[in-house]
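Asker: First the structure, which I've put down as structure tokens, then a few questions once you've had a look.
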Amino acid sequence: MTATDTHRAIDAVWRIESPRLIAGLARMVRDVGLAEELAQDALVAALEQWPESGVPDNPGAWLMTTAKHRAIDRLRRSKLSERKFEELGYEIDIQQASSDADRDEALDDPIGDDLLRLVFTACHPVLSTEARVALTLRLLGGLTTDEIARAFLVPEPTVAQRIVRAKRTLADAQVPFEVPRGQELTDRLASVLAVIYLVFNEGYSATAGDDWMRPGLCDDALRLGRILAELMPKEPEVHGLVALMEIQASRARARVDASGKPIVLLEQNRALWDQLLIRRGLAALERAEKLGTALGPYALQAEIAACHARATRAAETNWARIAALYAALGQMTPSPIVELNRAVAVAMAFGPQAGLDLVDTIAGERALENYHLLPSVRGDFLKKLGRYAEAREEFERAATMTRNEREKELLLERARECAEAA
């Protein structure tokens, strides 16, 4: 294997193993920042040694053992807790005295719990939403600071500062490295799911920049969601979120043309939808339903996505059911954005005037004041009603509000179509 091949292998191993590695180390040292430093030390050691020695049979175990040795050295140099030093030293002595298989089993045994602790720590409410996203992608997604910055179109120093501050905040607040219980678990799980879905949505419909989608972020969010579903199999909302992301991700190839131009849902070639992802999404939704509790917001949104996935042609979509599901979602989590989506479904089921009437009841909502999809949706209804001059104005207004260049082009094209039809 060439040095280049080895470095590629190390990069792949790091993406897979780093969350497990950092989680296991954080359990030992009770400090997420220190755990990441130790993991990075192990990565440097791999970069130095593996090009000559070759990639070990169990690279994750090699990295963990190396990182634990670094932890011993750090604790010795800083003269930290003698008891902690003895515990770590004893653990490594036991591992070295055991067989390779026993050692690997000992290393991996608590890893599920460790990962779950890391998820809840990275998404702790003591951090801002931006900090939670950056730290989650760094620790659990294995992304570099530069990759996170490019994904969200912010300067790299800004992301670096967010991550540093987040780790310092967790340390200063003495946030315990643990999975919360009872009501706190419910509250914190909502934060975790919100972070994962925020990452997915930024990949699915980029808020700014030249690209309509950033598939890498969708992939990262899906991977995090699948991990969480394995770690928390009895939480229906976790399965609901995974179902929602799987089904939405299935449309990726059909959402843009060869030039990158957006293609709206009703005009997509459904033969391009990924049937494997759809099956995975429907299976996750079924798991949520079988847990026997009332469906939560993510599972309800997954039900809506499933209505689209089950329709082989746009004309077969059950819009009346989708409108009813949005109504149920609006009762559970009242939001003018949910109402806007319900208006679209109502228009498809009962005509554009019904949709327009509903939109006009929420047009003054402050939350929609700078939301470009409000004039976009209203423009669509007006266009279908033959009110082309008004529709053109709405599309042009929406174009001035979006920060995504691809979306702006699409809205201006619709405005031109209305001008020609008037």
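Asker: Over what distance in Å are the Cα centres of the stretch 57-75 and the stretch 210-284 separated?
Answerer: 36
Asker: Report the gain in length on full extension from Leu385 to Arg279: 0.36 nm times residue separation, minus Cα-Cα distance, nm rounded to one decimal.
Answerer: The Leu385-Arg279 span can extend by a further 34.4 nm.
Asker: Sticking with this structure for a sec: FRET efficiency for Glu156 and Glu286, Cβ-Cβ distance as r, R0 = 35 Å, nearest 0.05?
Answerer: It comes out at approximately 0.25.
Asker: Between Thr144 and Leu47, what length comes free when the chain is fully extended (0.36 nm per residue of separation minus the Cα-Cα distance, one decimal in nm)?
Answerer: That pair, Thr144 and Leu47, stretches by 33.3 nm at full extension.
Asker: Also: Using a 10 Å cut-off around each Cβ, can you sort Leu374, Leu272, Leu241 from fewest to most neighbouring Cβ atoms?
Answerer: The fewest-first ordering by Cβ neighbours comes to Leu272, Leu374, Leu241.
Asker: In degrees, nearest 10, range 0 to 90: what is the angle between the Cα axis of helix 182-204 and the longest Cα principal axis of the chain?
Answerer: 70
Asker: Scanning the chain for GluC sites (Glu not before Pro) in DSSP loops with at most 13 other Cβ atoms within 10 Å, what's the longest stretch left with none? Numbers along the way, then the final one.
Answerer: Working: sites that count: Glu178, Glu369.
In the chain, the maximal stretch lacking such sites is 179-368.
Asker: Applying the Karplus parametrisation 6.51 cos²θ - 1.76 cosθ + 1.60 with θ = phi - 60° to the phi angles of the stretch 159-171, what ³J(HN,Hα) value in whole Hz is obtained for each residue in order, glycine and proline being reported as x?
Answerer: Per residue, the Karplus-derived 3J(HN,Hα) values read 5, 4, 5, 4, 5, 4, 5, 4, 5, 5, 4, 4, 5 Hz.
Asker: Rank these for me by crowding, Leu340, Leu21, going from fewest to most other beta carbons within 10 Å.
Answerer: Values: Leu340 24, Leu21 28.
Fewest to most other Cβ atoms nearby, the residues stand as Leu340, Leu21.
Asker: Still on this structure, please answer the following. In debye to the nearest 20, how big a dipole does the chain give about its Cα centre with +1 on each Lys and Arg Cβ and -1 on each Asp and Glu Cβ? Intermediate values should be presented prior to the final figure.
Answerer: Working: 53 positive and 64 negative charges, 174 e Å.
With only Lys, Arg, Asp and Glu charged at Cβ, the dipole is about 840 debye.
Asker: Something else now. Give, as ranges by residue number, the residues of the stretch 362-397 whose backbone N falls under 13 Å from the point 7 Å along Cα→Cβ of Ala422.
Answerer: Within reach of a label on Ala422, which here means backbone N under 13 Å from a point 7 Å along Cα→Cβ, the stretch 362-397 contributes 383, 387-397.
Asker: Quick check on my link table: of Lys261/Lys290; Lys68/Lys167; Lys384/Lys408; Lys167/Lys408, which ones sit more than 31 Å apart, alpha carbon to alpha carbon?
Answerer: Lys261/Lys290; Lys167/Lys408
Asker: Right, next: Whose amide H sits under 5 Å from the amide H of Val256, counting only residues 5 or more places off or on another chain, with H placed in the peptide plane?
Answerer: Placed amide hydrogens put Ile263 under 5 Å from Val256.
Asker: Got a sec? How would Lys261, Lys290 order by Cβ neighbour count within 10 Å, fewest to most? Spell out each step's value before the answer.
Answerer: On the way: Lys261 13, Lys290 9.
So the ranking, lowest neighbour count to highest, is Lys290, Lys261.
Asker: Taking the chain as the reference, fit the longest principal axis to its C-alpha atoms, fit the long axis of helix 352-362 to the helix C-alpha atoms, and give the angle between the two in degrees, 0 to 90, nearest 10.
Answerer: The angle comes out at about 60 degrees.
Asker: Compute the long axis of helix 319-332 from its Cα atoms, compare it with the longest principal axis of the Cα atoms of the chain, and write down the angle in degrees, 0 to 90, nearest 10.
Answerer: The two axes meet at around 60 degrees.
Asker: Tell me the label-point distance for the pair Arg8, Ala271, using the 7 Å Cα-to-Cβ offset, in nm and rounded to one decimal.
Answerer: Here the modelled spin labels are 3.3 nm apart.
Asker: Okay, moving on. Of the trypsin sites (Lys or Arg not before Pro) in the stretch 168-271, which ones lie in a loop per DSSP and count no more than 14 other C-beta atoms within 10 Å? Before the final figure, lay out each step's value.
Answerer: Values: sites: Arg168, Arg181, Arg188, Arg223, Arg226, Lys234, Arg251, Arg253, Arg255, Arg270; in loops: Arg181, Lys234, Arg251, Arg255.
Here the sparse-neighbourhood loop sites are Arg181, Lys234.
None of the figures in this text is laboratory data; all of them are computed from the coordinates on show. On a predicted model such as this, the values are computed, not experimentally measured, just so you know. Virtual Cβ from ideal backbone geometry, glycine too; neighbours counted across all protein chains shown.
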